[in-house]
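These notes are about the structure you will find just below.
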Amino acid sequence: MSSSDFINLETYLFDKGYYDADLSNKGDRPVVSPVVELLARKKSGTIGDEDADQLIDAYRNQDLRKDLLKYYYRNSIQQQYAIALSGGKENISFRVSGGYDRSTGELQNNMHDRITLNTQLQLQPLKKLFIQMRSLITLSHASNNGRLPVISQDRFNYPYLSLKNIDGTASVWDKDYRTAFKDTAGSGHLLNWQYKPLDELTNAGNTSKSKDLLLVINTGYQFTKILKGEVIYQFEHLNRNARDYYSPEAYYTRNLINLYTELSPTETIRPVPLGGIQDMREGQLTSHAVRGQASFNRTFNWGTIAAIAGGEVKKTITKSSEFRTYGMGTNLTHIDVNYADNFPIFAGLNSDAKIPGGILFSALDDRIVSLYVNMSYDYDNRYVLSASARKDASNILGVAANNKWKPLWSAGFSWNISNEKYYRSGLLPYLKLRTTYGYSGNVNNAIPAVTTLDFTAVNRSRLSNLPYASVANVPNKNLRWEKIGMFNTGIDFGFRNQRVSGTVEYYVKTSTDVISDVPADITITATTSLKKNSAVLKGNGWDITLNSRNIDGKFSWQTNFIHSFNAVKVKTLLEIIEPRNTIGNGNVINPLVGQSPYNIISYRWAGLNPDNGNPRGYLAGSASEDYTAIIKNAGWDELTVSGTAIPRHFGGVRNTFSY
């Protein structure tokens, strides 16, 4: 919609009284657009009709998108540099490589750079014994100071806004509250409450850093020509630190200070002190994993047998913390604030509230045990049978062994038709059929089987100012793995000289024991619903890949085409869902039996009222303008499912030229 069309729409809605509630709101003083402000002033007589129309017409020629492209967006640049050194002799070899990556984001003041150092050392102290050691160090740094401007959490930017005035100064936008209110609030005792998006680009200091160390030691022994054993140990330690700094000049800082300011005839009280605001976050991951594996490979006159079997134990501990500091000065000083008490919000813009912030700690201990075996038999390079089985266990699942441990398996068969003696095709020299069926598992780490508590400090209690704990997760001794069964069949082909080759695959996937909400007795569980393994999803789809070699030689041209289709429906759902809770654009899971879990659902449209132009929905089967009743009482027949928000079809074409 163009700026002029948008202004015409605003004018129409203004004449119909659409903005009357916002304009007369003396509570939270919601933002209204510059055009609506001018229309209101024109109606009240504080500005002449001709002057108001002239100012409104000036907005018709403005386009916010052009200003965003000029002042916020830029061409992203990526740089990559690498160097490597390798060497060795019969019983020892090494490789050392390093790299530096730097990318500037598409928004101003956003940047990411990374340094990597990779070392590999391979030793063979005995004829049948080998030792491999590898290390990877990654250092990353990012700045995220370029953020697109917004006027409010629940309002979109008007298309005719500008970022710079004609004289080159930064434009002022209405943000959070009406400028007509903010310009006079406090009679000069508040901080400047204006929002200038361009200035915000330099008022933020948001950075993040990470250090990742990965060590891998692999020791193997070749017992015989066909039997080999390996033990692999992997250690990882990751540190992440993030700092979001709002300078004293930042709108976020000034707005928060003003909201908590208390004015009296004799003094100005600021529970949120002057100075910058700093948010610090730190995360740490430490992981240990040990895998033992034996591999067997032997070729007979009638075929080849290959097999591996092993087990793995892995433990991962993650910890995180965050805290906020107020009154930050350039000399790293700060000012303590009162997090315990509720404070009145200036001019009643909101209810009394605590100062946002405080300290938060969290930790997760995740342990996994796996046993697995995989075998394949290749007969004469024509028929291949394969089978695999594994059994995994997780510490966060139910107390019963059958719930902690999950047996999984798969089996497959392939037929290389082009290797048959009777197959002679010059046009299609390569043709292969294959099919597999099996099960895989999934664990939701956010839902443990045991009771978990959230502990809250004294200064965050809303009522008693005493520490308290709340139940974050009720016990579920039957919590188990989510199970995914999948059937897949496909064909691989290649025409003469591999000029054209590709694959076509079809699959059917069924997910059972999917975690979902189910009704619960509140007198027993203290909640109306529990998350249990209860839902079933079923999907199917196909994938097509085509590769063509169009030109070969000093100059070559290759084309790759991919196309995928995927459809998923909810087959079983025990959760009781109210119709009004399903309204949404499909960006979150919104399950309905027989539908996609990511549906776009809206109220059924009954058209505009021909008498007053009001939009209408349906209530009890009839057209209605009672919006409150529609939102509260609309049934399934009063809703419209417009399909899935996730595209079912996906594809692309890539051309590669080289010389």
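Okay, here's what the table says:
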{"quantity": "Candidate lysines for bridging to K406, where Cα separation is under 22 Å - those fewer than 8 sequence places away on the same chain excluded", "calculated": "K314, K315, K391, K477, K483, K509, K531, K532, K538"}
{"quantity": "Relative contact order of the stretch 129-285, defined on C-alpha pairs under 8 angstrom at six or more residues apart (%)", "calculated": "25 percent"}
{"quantity": "Under DSSP loop assignment and at most 14 Cβ neighbours within 10 Å, longest trypsin sites (Lys or Arg not before Pro)-free interval of the chain", "calculated": "226-420"}
{"quantity": "Neighbourhood net charge (11 Å Cβ-Cβ; Lys/Arg +1, Asp/Glu -1) for N297", "calculated": "+2"}
{"quantity": "Calculated diffusion of the stretch 1-98, Stokes-Einstein form, Kirkwood radius summed over Cα pairs, 4 °C and 1.567 mPa s, µm²/s", "calculated": "70 µm²/s"}
{"quantity": "Dipole-positive endmost among N331, T299, S320 within the stretch 288-350 (Cβ charges, Cα centre)", "calculated": "T299"}
{"quantity": "Relative contact order %, the stretch 31-126, counting alpha carbon pairs below 8 Å whose residues are six or more apart", "calculated": "20 percent"}
{"quantity": "Cα gyration tensor shape for the stretch 487-622, rounded if a/c is under 1.5, else prolate or oblate", "calculated": "oblate"}
{"quantity": "Residues of the stretch 331-414: accessible area per residue with a 1.4 Å probe, Å²", "calculated": "58 Å²"}
{"quantity": "Relative contact order (%) - the stretch 510-659, alpha-carbon pairs under 8 angstrom, separation at least six", "calculated": "22 percent"}
{"quantity": "Accessible area in the full protein assembly, largest first, 1.4 Å probe, for D22, D380, D154", "calculated": "D154, D380, D22"}
{"quantity": "Accessible area of the stretch 96-182 belonging to carbon and sulfur atoms, whole % at 1.4 Å probe", "calculated": "56 percent"}
{"quantity": "Estimated FRET transfer efficiency when R0 is 56 angstrom, pair L129-Y422 (beta carbons, to 0.05)", "calculated": "0.70"}
{"quantity": "Over the stretch 546-621 - Rg/Rh using Cα atoms and the Kirkwood inverse-distance radius", "calculated": "1.36"}
{"quantity": "Heavy atoms of E625: accessible area, 1.4 Å probe, square angstrom to 10", "calculated": "60 Å²"}
{"quantity": "Evaluated over the stretch 68-192, the Cα radius of gyration and Dmax, each in Å", "calculated": "27.1, 87"}
{"quantity": "Coordinate range along principal axes, alpha carbons of the stretch 189-296, Å, largest first", "calculated": "92, 28, 16"}
{"quantity": "Where the stretch 173-233 is the region considered: accessible area per residue in Å², 1.4 Å probe", "calculated": "52 Å²"}
{"quantity": "Pairs beyond 29 Å (Cα-Cα), from K432/K554; K66/K175; K211/K404", "calculated": "K432/K554; K211/K404"}
{"quantity": "Whole-Hz couplings from phi, Karplus 6.51/-1.76/1.60, listed for the stretch 210-219; x for Gly and Pro", "calculated": "9, 10, 10, 10, 10, 10, 10, 10, 10, 10"}
{"quantity": "Area accessible to solvent at F487, 1.4 Å probe radius, in Å²", "calculated": "80 Å²"}
{"quantity": "Cut-off under 5 Å, modelled amide H: who pairs with K164 long-range", "calculated": "S171"}
{"quantity": "Per-residue HN-Hα couplings for the stretch 167-182 [Karplus 6.51, -1.76, 1.60; θ = phi - 60°; Hz; x = Gly/Pro]", "calculated": "7, x, 7, 5, 6, 9, 10, 5, 9, 6, 9, 4, 4, 4, 7, 5"}
{"quantity": "Under 17 Å from the Cα of K127 - aspartates and glutamates, other chains or at least 8 residues apart", "calculated": "E90, E230"}
{"quantity": "Cα-based Rg / Dmax (Å) for the stretch 295-451", "calculated": "29.8, 90"}
{"quantity": "Cα-based reach from K209 at 22 Å (exclusive), listing lysines while leaving out same-chain residues under 8 positions away", "calculated": "K319"}
{"quantity": "Accessible area (Å², 1.4 Å probe, nearest 10) - S351", "calculated": "80 Å²"}
{"quantity": "Nonlocal amide H pairs with G643, under 5 Å, H built at 1.01 Å", "calculated": "I600"}
{"quantity": "D517, D352, ranked by accessible area, largest first (probe 1.4 Å)", "calculated": "D352, D517"}
{"quantity": "Formal net charge of residues neighbouring K128 (Cβ-Cβ distance under 14 Å; K, R +1; D, E -1)", "calculated": "+2"}
{"quantity": "All-pairs alpha carbon distance profile, the stretch 573-617, 10 Å steps from 0, percent", "calculated": "25, 40, 22, 12, 1"}
{"quantity": "Nearest-0.05 FRET efficiency for S140 and S187, computed from C-beta distance (R0 60 Å)", "calculated": "0.80"}
{"quantity": "Cβ-defined net charge surrounding V518, 12 Å radius [Lys, Arg +1; Asp, Glu -1]", "calculated": "-1"}
{"quantity": "Ranking by accessible area, most exposed first, for Y659, Y618, Y221 with a 1.4 Å probe", "calculated": "Y659, Y221, Y618"}
{"quantity": "Two-decimal Rg to Rh for the stretch 281-367 - Kirkwood Rh, Cα set", "calculated": "1.46"}
{"quantity": "At q = 0.05, 0.06, 0.08, 0.10 Å⁻¹, base-10 log of I(q)/I(0) for the chain (Debye sum, equal scatterers on each alpha carbon)", "calculated": "-0.39, -0.56, -1.00, -1.48"}
{"quantity": "The stretch 143-203-the stretch 467-521 distance, computed between alpha-carbon centres (Å)", "calculated": "46 Å"}
{"quantity": "Cα gyration tensor shape for the stretch 572-659, rounded if a/c is under 1.5, else prolate or oblate", "calculated": "oblate"}
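The values are calculated or read from the model by the stated rules, or taken from the named source; none is laboratory data. Remember, it's a predicted structure, so these values are computed and weren't measured experimentally. Don't worry about glycine lacking a Cβ; one is built from the backbone with ideal geometry, like all the others, and counts go over all protein chains shown. Areas reflect the complete protein model, heavy atoms only, side chains present, ligands, DNA and RNA absent. Shrake-Rupley method; radii C 1.70, N 1.55, O 1.52, S 1.80 Å.
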